[in-house]
Amino acid sequence: MASIFCCFRGCASFLDLGFATPAVPIKKQPTIALDQQHIGQEVVLVKDGSRICGTGGALGNTAIMQDKAYFEVRLQQSGIWGIGLGSEKADMNTVPMGNDTDSWVMCSDGYLRHNKEEMHHITQLPQEGDTIGVSYNHIELNFYLNGQKLDCPFTNVRGQVYPAVYVDDGAVLDVVFDNFVHDPPPGFDKIILSNCLS
């Protein structure tokens, strides 16, 4: 009996007699990515907002609201670049970022910049293929090179901030918000979506 019903249901679908169940659209869950609404004028985002190229900056599409957040950036192609945090007021059209009061970044030349100041300098510069980790706990913003802490924190990050990256001179960065190459530091985890995206 069941085989007859299955056969009839298949025929009904084929003949479109109105017995077929309509397809239910699946709502795509929001994901964390770089935000098309907060990018520089000459920036190109590809790979569903996980890769940045062109010239300028981009913010992530959700603010960091949790106590301990972590994300990674893979340096796909060398050039001029920067990685860190920025507020919605940060200038996405000026390279390098870190020249205003609204961005805190580690730059490709090894300097950590904020408000036109060079706060720290690292000597081991990231190369193509390297992964830079970023952790933030609302007290310190830290950077990691291939899983090793660089010990050059920002301690003056204030306000509501977002992941921030910028590129120029052929640089290509892949921003990773999940499935990390290196384990986050103890107690840190991926960024949680804020309610405005869900």
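The values are calculated or read from the model by the stated rules, or taken from the named source; none is laboratory data. Quantities reported herein were computed from a predicted structural model and do not represent experimental measurements. Cβ atoms come from the backbone with ideal geometry, glycine included; neighbour counts cover every protein chain shown. Keep in mind that these areas ignore ligands, DNA and RNA; they rest on the heavy atoms of the full protein, side chains included. Shrake-Rupley method; radii C 1.70, N 1.55, O 1.52, S 1.80 Å.
Annotations
- Taking the Cα centre of the stretch 34-196 as reference, the dipole from Cβ charges on Lys and Arg (+1) and Asp and Glu (-1) amounts to some 200 debye.
- Cα-centre dipole for the stretch 42-88 with unit charges at Cβ (Lys and Arg positive, Asp and Glu negative), debye to 20: 160 debye
- Within the stretch 40-85, trypsin sites (Lys or Arg not before Pro) in DSSP loop having at most 14 other beta-carbon neighbours inside 10 Å: K47
- Per-pair calculated FRET efficiency, R0 = 25 Å: H138 and T31 via Cβ, rounded to 0.05: 0.60
- Anisotropy class of the stretch 41-198 from Cα gyration tensor, a/c 1.5 cut: rounded
- Apportionment of accessible area to carbon and sulfur, the stretch 116-198, percent (1.4 Å): 45 percent
- Oblate is the label for the stretch 93-146, because a/c, from the alpha-carbon gyration tensor with a ≥ b ≥ c as root eigenvalues, is 1.5 or above and a/b does not exceed b/c.
- For the stretch 34-196, the solvent-accessible area works out to 46 Å² per residue, with a probe of 1.4 Å and every protein chain left in place.
- Förster radius 22 Å - calculated FRET efficiency between N146 and D169 (Cβ-Cβ, nearest 0.05): 0.45
- Part-to-part distance (alpha-carbon centres) for the stretch 96-110 and the stretch 119-164, which is given in Å: 11 Å
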